[in-house]
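In what follows, a structure is listed as structure tokens, so that the remarks can point back to it.
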Amino acid sequence: MANITNVVIACFDEEIKKITRKGFSSLFGENQVKVCNSIAELGEWIQDKSNIAIIFDKYFLGYVISYELLRLRFINKNFLTYFVDKGNVAHYFGMRIHLIGADGFIPNIEDSDAFKKSIKQVQSGVKVYPSDIQRSFDEDDYLLDKTYIDEVSIPEMHIGLFTSLGLSQKEISWNVGLCCSTVSEYTRKLRRKIGYSKPGDWDLLFKSFLTNLSGDFYDYKS
């Protein structure tokens, strides 16, 4: 792919969206940066476009990221995908999106100088990953962490949705038909997979899930 000329900001967290938009607009120009608020809107906008990068946060695509990326690539396979996040607590999340083929993961976007450097790498269309994540895959060490970086399973997603509704572990256990200890284990794995850092993560993921649930994917191709 040639140098990136267009950027789509697909972030659900408002603070991440603001930082990301400001950073990319400063380099690409405001006219080359588009903000999308749902998967349906994103699918409509990327049809037949080339030299484009989509910038996601960990909330926008919900729980099962690989499935949503597959649906988007049915519309247009000619785009690059990068994920951004505040802080540096989402190491396993970064490994997870590396495993499913995302083009980059940029943490610590509050660091303006480091973020600007990463944005220039995105503009060049290269992979952008923290050195420790890239090293883990280059040396096959990621295999030791597979249980935490495989895609989110259906039981894990169900547990995440029930957690976001404020249900207790005992209530979740009853709803999903699993014992409390199994629910606890799934929750521990899910927290690492989604880059969990605060209780509000469940709420944002749930709101993103509901926002995108109403979109009709097949309308993109009409």
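The values are calculated or read from the model by the stated rules, or taken from the named source; none is laboratory data. Computed from a prediction, not measured in an experiment: that's the story for all the values here. So basically every Cβ, Gly included, is an ideal-geometry build from the backbone, and we count neighbours across all protein chains shown. For accessibility, only protein heavy atoms count, side chains too; no ligands or nucleic acids. Shrake-Rupley method; radii C 1.70, N 1.55, O 1.52, S 1.80 Å.
Listed by first and then second residue, the pairs with beta-carbon distance under 6 Å, at least 6 apart or on different chains, first residue in the range 172-189 and under 14 Å from LEU161 (Cα atoms), second surrounded by fewer than 14 Cβ atoms within 10 Å (Cβ to Cβ), are SER173/CYS180. With respect to the stated conditions, SER26 fails to be surrounded by fewer than 20 Cβ atoms within 10 Å (Cβ to Cβ) and touching a Gly at 6+ places or on another chain (Cβ under 6 Å).
Does ASN78 satisfy the condition of being farther than 25 Å from GLY200 by Cβ and among the polar types (S, T, N, Q)? Yes; evaluated as a whole, the condition is true for this residue. Residues in the range 42-75 that are among the acidic types (Asp, Glu) and buried (at least 18 other Cβ atoms within 10 Å of the Cβ): ASP57, GLU68. Of all residue pairs spaced 6 or more apart or on separate chains, those with beta-carbon atoms under 6 Å, a first member in the range 7-36 that is under 14 Å from ILE54 (Cα atoms) and a second member that is small (Gly, Ala, Ser) and open to solvent by 20 Å² or more (accessible area, probe 1.4 Å) are VAL33/SER25. The residue that is farthest from THR20 (Cα to Cα), among those in the range 101-124 that are of a type in the set (A, V, I, L, M) and crowded, with 16+ Cβ neighbours inside 10 Å, is ALA102. Across the range 52-59, not a single residue is classified as under 27 Å from PRO155 (Cα atoms), in contact (Cβ under 8 Å) with a residue 24 or more places away in the chain and part of a helix (DSSP H, G or I).
Just for the range 96-115: of the residues that are free of Cβ contacts under 8 Å to residues at least 60 places away in the same chain and charged (D, E, K, R), which one is farthest from ASP57 (Cα to Cα)? Among them, the one singled out is ASP113. The residue of the range 14-43 that is nearest to SER112 (Cα to Cα), among those that are touching an Asp or Glu at 6+ places or on another chain (Cβ under 8 Å) and at pLDDT below 95, is ILE39.
Within the range 190-212, the set of residues being closer than 21 Å to ILE149 by Cα and surrounded by fewer than 17 Cβ atoms within 10 Å (Cβ to Cβ) comprises SER197, LYS198, PRO199. Can you pull out the residues in the range 1-23 that are assigned to a helix (DSSP H, G or I), over 17 Å from VAL128 (Cα atoms) and open to solvent by less than 10 Å² (accessible area, probe 1.4 Å)? Selection gives ILE16 alone. From the residues in the range 173-189 that are open to solvent by less than 60 Å² (accessible area, probe 1.4 Å) and hydrophobic (A, V, I, L, M, F, W, C), which one is nearest to ILE100 (Cα to Cα)? Ranking the qualifying residues of the range 173-189, first place goes to VAL183. Cβ-Cβ distances below 6 Å connect the following pairs, each with a first residue in the range 116-138 that is over 26 Å from THR5 (Cβ atoms), a second residue that is open to solvent by less than 60 Å² (accessible area, probe 1.4 Å) and of a type in the set (Gly, Ala, Ser), and a separation of six or more residues or different chains: ILE133/GLY94. The set of residues from the range 131-172 being over 22 Å from PHE206 (Cβ atoms), of a type in the set (Val, Ile, Thr) and surrounded by 15 or more Cβ atoms within 10 Å (Cβ to Cβ) comprises ILE133, ILE149.
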